[in-house]
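The values are calculated or read from the model by the stated rules, or taken from the named source; none is laboratory data. Here the structure is a predicted model, which means the values were calculated and not measured. In this analysis, Cβ positions are derived from the backbone assuming ideal geometry, glycine residues included, and neighbour counts consider all displayed protein chains. Ligands, DNA and RNA are excluded from the accessible area calculation, which covers all protein heavy atoms including side chains. Shrake-Rupley method; radii C 1.70, N 1.55, O 1.52, S 1.80 Å.
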Amino acid sequence: MKIGVVSDLHTDVTPRNKALVPHLINAVKAAELDVFVLAGDLARHLAELSETLNAFHAAELPCEKVFVPGNHDIWAIETPNVTSEQKCQIISALCRECGFHPLMEAPFLKTKDAGLQGEVVGFCGTIGWYDYSFAPEGYDFSTAQYAEKQLMGAVWNDKRYAKWGDTDFAVTRRFAAQLHKQFTAIRDEVSRIIVVMHHVPFRECIRYQGKLPWDFFRAFMGSVRFGEICLQEPLVTHVLFGHTHRVIDMEIDSVRALCAPIGYLHEELSVGLQAYAESRLSCFSI
């Protein structure tokens, strides 16, 4: 089974980001994938997010497609009374309309070909979130300061637009519990589990620079809780994620951690859009 993953398309950030989509579709087709994974942060507005999902749908890709939202995707900015929970539900409906499996709602099972004894692979997913467990060492910022999500004139925009109606700690606990529940639900049916999330699951994947405000905002990259849950489940072999805008491929104990972001394309690329799309689509076989 061949799997390809990419994240952080941010099609509403620059014209290059938007123009990259058909090239990424070409890359997915050329890779001859069995499963294509989008690990969040397509766009802030539902219209743009829907347009991006529809582009993959219209391409009639001959592979399964799975999706988890990123923090930008759940920003509640359409109308004042829309919550992030409600936006998640809308996104899941859009996924189903466009042939994507919304992993936040339920796991997805895929059977490998008969030549490999029909091994069943389970895909489990969550947006993730953060509880400041990735806060940098060497500083004395309080929990209350992290909860404010601002420092030295810079603001983490989840403060403005992520509307969960609960604390970051509670949101993280809830999504971690839901992920564990997915593991439990499919454990007896599968031979391995691949986790898809947007936020970062392992501290080893965080890059600190020893300066502010950069290091302060690493507290919002993810949570050790998700990594611990994955490492405690023997069936988990891969964790696919986004959010960092940095390519990552490393082994964390028994788990392969992969991040394959597009990122913000503010500057001219040193290669063409097609070459860039092909380089950012991370593929592996199991």
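Across the range 209-286, the relative contact order, built from alpha-carbon pairs under 8 Å that are at least six residues apart, equals 20 percent. Put a dot 7 Å past the Cα of VAL120, heading toward its Cβ, do the same for GLN145, and the two dots end up 5.0 nm apart.
Of the residues ARG160, ARG218, ARG187, ranked by 1.4 Å probe accessible area with the largest first, the sequence reads ARG160, ARG187, ARG218.
Scalar couplings 3J(HN,Hα) for the range 226-241, obtained by applying the Karplus form with A = 6.51, B = -1.76, C = 1.60 to θ = phi - 60°, are 5, x, 5, 4, 5, 5, 7, 9, x, 7, 6, 10, 9, 10, 9, 8 Hz; x denotes Gly and Pro.
Considering only alpha-carbon pairs that sit under 8 angstrom and 6 or more positions apart, the relative contact order computed for the chain is 25 percent. Here's how it looks for LYS65: its modeled amide H is under 5 Å from those of PHE36, HIS101, which are all 5 or more places away or on a different chain.
For the chain, the alpha-carbon coordinates run over 56, 42, 39 Å along the three principal axes, in decreasing order. Considering only PHE108, TYR161, PHE183, the residue lying farthest towards the positive end of the dipole of the chain is TYR161, judged by Cα position with unit charges set on Cβ.
By the gyration tensor of its Cα atoms, with a ≥ b ≥ c the square roots of the eigenvalues, what is the shape of the range 149-286: rounded for a/c under 1.5, prolate for a/b over b/c, or oblate? Taking the square roots of the gyration eigenvalues as a ≥ b ≥ c, the range 149-286 is oblate. About its Cα centre, the range 213-276 has a charge dipole of approximately 120 debye under the convention of +1 per Lys or Arg Cβ and -1 per Asp or Glu Cβ, with nothing else charged. Cut-off 14 Å, label point 7 angstrom out along Cα-to-Cβ of LEU46: give me the residues of the range 74-114 whose amide nitrogen falls inside. Flagged as within label range: 74-97. Couplings for the range 255-263, taken from phi via the Karplus curve 6.51 cos²θ - 1.76 cosθ + 1.60 with θ = phi - 60°, read 10, 8, 9, 10, 10, 9, x, 7, x Hz in order; Gly and Pro are left as x.
For the pair MET250 and ILE90, how long in nm is the line joining their label points, each one 7 Å along Cα→Cβ? Simple spin-label model gives 3.7 nm for this pair. Suppose only helical runs count, i.e. DSSP H with n ≥ 4. What mean residue ellipticity at 222 nm does that imply for the chain under -39500 (n - 2.57) per run, divided by all residues and rounded to the nearest 500 deg cm²/dmol? Computed ellipticity for the chain at 222 nm equals -10000 deg cm²/dmol.
Segment SER285..ALA106, full-extension length gain: 62.1 nm, with 0.36 nm per residue of separation and the alpha-carbon distance subtracted. The simple Förster model, with R0 at 35 Å and r as the Cβ-Cβ distance, assigns ASN26 and GLU137 a FRET efficiency of 0.20. Surface composition of the chain: carbon and sulfur make up 50 percent of the accessible area, probe 1.4 Å. Between amide H atoms placed 1.01 Å from N, distances below 5 Å from VAL196 occur with CYS124, GLY125, THR126, LEU240, all of them 5 or more places distant or on a separate chain.
Here the spin labels are modelled as points 7 Å beyond Cα on the Cα-Cβ line, and at THR14 and LEU212 they lie 3.0 nm apart. Scanning residues 5 or more positions from SER7 or on other chains, those with amide H under 5 Å from its amide H are ALA39, ALA260, ILE262, with H placed 1.01 Å from N in the peptide plane.
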